[in-house]
1. Quick check on my filter: what residues within region 74-112 are in a loop (DSSP other than H, G, I, E, B) and over 13 Å from the mean Cα position of the chain (by Cα)?
2. Condition first: surrounded by fewer than 15 Cβ atoms within 10 Å (Cβ to Cβ) and modelled with pLDDT of 90 or more. Now tell me which residues in region 58-71 satisfy that.
3. If only one of 119, 142, 171 is within 14 Å of the chain's Cα centre (by Cα), under 27 Å from residue 60 (Cα atoms) and assigned to a loop (DSSP other than H, G, I, E, B), which one is it?
4. List the number of the failed condition for residue 21; all other conditions in (1) modelled with pLDDT of 80 or more; (2) assigned to a helix (DSSP H, G or I) hold.
C-alpha cells in the first residue's frame, strides 16, 4: 500500500514541475532590471515610494521587446501596479519591423499590463517618422500607439499638424487625422532651400 502512495506522490511532483516549467517558459512576460545605483526610499511624511534610475524590460512570446527607463519613479499608494515616471525613454523593439523610440517628461506606467501614458513634450521616432505631441497612449492589449493633442509630424520634405495619430503595432500602419471631420490636416511642404 505504501508503494502505491509513493508512486502517486512522485507523479504529482512531476506534474507540478512540468506545470512550473511551462508557465515560466510561455506565460511569464516581464522581468524587472534595476541599476546598481537604484535607491528605493519611503518618505515618512507622504508614505510615497520613490525609485531612481529605473528600467523595466518585458518580452512577449513572439520576441517583441518593450524597454522603459526613467530618472525617477513614484509608486501610486492606492494602486501599486501604477508608477509615475519622470524623464522617460522607451523603446519598442518589434520583430521584422523598425524600432519605435519614445521620449517624454512624464509617464504613467502600469507594470501589470505594460500600458503607458506618456505626457509633456512627447517625441516619437519611428523609422523615417518623427512625431511630437503632448500625449501618447501605448496599449499593448490593443497593439496600438495613440498620439494626440497638438500632433506634429516632421520629415525631410514636409511637416503637418493634426489632432491625432495612431500606429498599429500589428500591421505597422500609421494613420494621421483630425477629430473633427470638418477640419483638415495642415500640410506644409518645405523646398530644398528651406522656403515654404
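1. Residues satisfying the conditions are 76, 77, 78, 79, 80, 81, 95, 96, 97, 98.
2. The one that is surrounded by fewer than 15 Cβ atoms within 10 Å (Cβ to Cβ) and modelled with pLDDT of 90 or more: 71.
3. The conditions single out 142.
4. (1)
Residue by residue, here is whether (1) crowded, with 17+ Cβ neighbours inside 10 Å; (2) over 25 Å from residue 53 (Cα atoms); (3) modelled with pLDDT under 95; (4) touching a helix residue (DSSP H, G or I) at 6+ places or on another chain (Cβ under 9 Å) holds:
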| site | (1), (2), (3), (4) |
| --- | --- |
| 113 | no, no, yes, no |
| 124 | yes, no, yes, no |
| 130 | no, yes, yes, no |
| 158 | no, yes, yes, no |
| 179 | no, yes, yes, no |
| 184 | no, yes, yes, no |
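The values are calculated or read from the model by the stated rules, or taken from the named source; none is laboratory data. As the structure is a prediction and not an experimental result, all values here were calculated from the model. We place every Cβ from the backbone using ideal geometry, glycine too, and count neighbours over all the protein chains shown.
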